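Below is one structure, written out as structure tokens, with a few remarks after it.
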Ligand code: AMP
């Protein structure tokens with residue numbers, strides 16, 4: 001029952017890799033960004049609340065995000081494990097997730113961090129903007145999201161490093177190449193049952 005988190009700066013390929021790895025492990029991928037985007041698209045109350053934060057590249061407030069994650073993790077498809085993508089990204093969210101998981105005597109088995117440098121990420125995201133038209137993929141907002149990653153999310157990485165569950169993977173390269181690196185890293189029996 002693997003419980004994983006994939007973490008990395010915007011544009012590092014988290015979402016793409018999360019889909020692939022979750023399929024390989026037979027667990028559900030839960031992307032908070034995707035859930036928010038679906039709600040924005042459907043103009044639900046949650047989407048209306050989240051939209052302005054997302055467009056500005058800010059974090060959606062914890063009061064909204066934490067509840068959404070708690071609800072999602074109470075669904076039955078997480079029984080066989082899960083791969084979280086994009087949550088937690090602040091230390092306060094780590095504490096909240098710890099509480100949710102402790103209720104079921106659980107914890108994260110592995111935290112995978114994708115590494116890529118800022119300039120590479122900016123050019124990737126600008127390329128993505130042309131394809132997807134995501135409203136938060138423009139230079140000013142991209143820089144802001146990267147800053148938030150450095151200011152807040154790296155502290156999350158530090159926490160999981162202390163807990164000795166962190167694996168770092170180079171996120172630069174082709175999609176298949178990065179997937180192979182991740183699978184190889186996860187095959188270390190220290191982290192998960194051999195794949
Ligand atoms: P992502 O697709 O992971 O880049 O997320 C897109 C946007 O959704 C972020 O820029 C935030 O506005 C919001 N978001 C996603 N996950 C979180 C989170 N854990 N906490 C707060 N906001 C989030």
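Every number in this text was worked out from the coordinates using simple rules, so none of it is lab data. Keep in mind that this is a model prediction, so the values were computed, not measured. Reconstructed Cβ throughout: ideal geometry from the backbone, glycine too, with neighbour counts over all protein chains shown.
I'd like the distance between the alpha-carbon centres of the range 74-116 and the range 1-28, rounded to an integer number of Å. Answer, in whole Å: 12. Roughly what percent of Cα-Cα pairs across the chain reach past 28 Å? Summing the P(r) of the chain above 28 Å gives 22 percent of all pairs. Taken along the Cα-to-beta-carbon direction at a fixed 7 Å, the label points for residue 177 and residue 119 span 1.8 nm.
Contact order, relative form, for the range 1-80: 27 percent (alpha carbon pairs under 8 Å, 6 or more residues apart, mean separation divided by residue count). Site pair residue 38 and residue 132 shows an inter-label distance of 1.5 nm when each label is modelled 7 Å from Cα along Cα→Cβ. With the helix formula -39500 (n - 2.57) applied to DSSP H stretches of n ≥ 4, the chain reaches a computed 222 nm mean residue ellipticity of -16500 deg cm²/dmol. Across the range 45-75, the residues whose backbone nitrogen lies under 15 Å from the label position 7 Å along the beta-carbon direction of residue 155 are 59, 62.
With a 10 Å radius around each residue's Cβ, average the other Cβ atoms per peptide and rank 47-53, 58-64, 34-40, highest first.
Details: 47-53: 15.9, 58-64: 14.3, 34-40: 17.7.
Top of the packing list down: 34-40, 47-53, 58-64.
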